[in-house]
Amino acid sequence: MNILHIIPTLGVGGAEKLLVDSLKYYRQSGVICDVAVLSNHDNIFEENIRQQGNALFISTENSVYHLRNILFIKKVIQNKQYDVIHCHLYAAQLFTPIALKFCRHRPLLVTTEHSTSNRRRNILPFKMLDRKMYNNYDKIICISNAVQLELEKYIPTLSSKTLTIENGIEIEPFVNACPVDWENELEHYDGEKIVLMVASLRHQKDPFTLIKAAKVLGTEYRVVFAGDGELLHEAKRFAHSQNISNVDFLGKRQDIPSLMKAADVFVLSSKWEGFGLVVVEAAVAGVPIVTSNVSGLRDVVKSVGGQLFEPSNVYDLTKKIETSINTVKHNPNISRYDIKDTVTKHLNLYKECKK
């Protein structure tokens, strides 16, 4: 079976991490996937994919939304007679059906919906565009029940195409990781409790609520962000302007399991999420978890024994962090989130639809 995955970038993010981690399990099942990327910028997982031996096609464009990416996708598709094309995230979802109109061969077209919400859903012209776009897909995989519910609420006619296959992670790296030494990582570390957030810093992730909580928590705690994103510099300026000195920004990191192993609490303050893969990773690493009480995160957090706070409520977040510090760590049942099962379900879906 020839499978092509198309994704906007290979930067830090749940969708990107899921795709990269899944490739070797496709290979173990006898399937070697090709990957097409719509930007030549910020592809930190590029070398990882090449080392695995997968064919990797990278656009020459900087912007994932450049119209020349339609021609790029067309060229990649014509490179091989693919049985399945699997698209991830909006730029790939939007451009791939257009590119296919210029190709003779029509493979099975699948996409994964990774979030319960986005800004397009509140704008009528985008809703009309989304309806037309999604109708091109044979199957739409939702990464959680909440994502499927919200998508079907948004466009009810898609219900015959949608199904839920939960995200999965590689369990061993988070179980066996060696913790980092914060004295070597943080310039002003003095034994504080570490509150870690791993995320691409953008509007959805709401880093400002956690920065404000750092001020309320005081000098016994240090908030650490791992990840970059469009709000990174604004978040740094905000912390400086508010004289909040117990916040550190590590930028992009490849050693997330080791950071999680060394943290005292893991926080995800998102305004919305489809699943929250990092929550499961933190649970496997044995870190107490606090996340915002939003659809997509709620069920996952409950399943791993974490705590929920009211979104954007600094004082509720602060209280839950302090409570979590004194929580006895436990070993949650995370077998349902094994990435091997996720890949098996994807392959079974492809085979069933190709019959």
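The values are calculated or read from the model by the stated rules, or taken from the named source; none is laboratory data. Note that this is a predicted model, so its numbers are computed, not measured. Cβ atoms come from the backbone with ideal geometry, glycine included; neighbour counts cover every protein chain shown.
Evaluated against (1) assigned by TED's automatic domain parsing to the domain that holds residue 191; (2) assigned to a helix (DSSP H, G or I); (3) touching a Ser or Thr at 6+ places or on another chain (Cβ under 6 Å), residue 324 falls short on exactly one condition, (3).
The set of residues in region 186-204 that are farther than 30 Å from residue 118 by Cα and either in contact with a helix residue (DSSP H, G or I) (Cβ under 8 Å, 6 or more places away or on another chain) or not assigned by TED's automatic domain parsing to the domain that holds residue 296 (or both) comprises 189, 193, 194. Restricting 295, 245, 258, 270 to those that are more than 21 Å from the chain's Cα centre (by Cα) and either surrounded by fewer than 16 Cβ atoms within 10 Å (Cβ to Cβ) or on the phi < 0 side of the Ramachandran plot (or both) reduces the list to 245. Residue 237 satisfies every condition listed in (1) in contact with a strand residue (DSSP E or B) (Cβ under 7 Å, 6 or more places away or on another chain); (2) surrounded by fewer than 22 Cβ atoms within 10 Å (Cβ to Cβ); (3) of a type outside the set (Gly, Ala, Ser) except (1). Considering only residues in region 81-108 that are farther than 13 Å from residue 6 by Cβ and touching a residue at least 40 places away in the same chain (Cβ under 8 Å), the one that is surrounded by the fewest Cβ atoms within 10 Å (Cβ to Cβ) turns out to be 81. With a requirement of 1 or more residues that are within 24 Å of residue 352 (Cα to Cα), the helices (runs of 4 or more DSSP H) lying completely within region 3-97 that satisfy it span 14-28, 68-78.
Of all the residues in region 91-112, those that are modelled with pLDDT under 95 and touching a Phe, Trp or Tyr at 6+ places or on another chain (Cβ under 9 Å) number 1.
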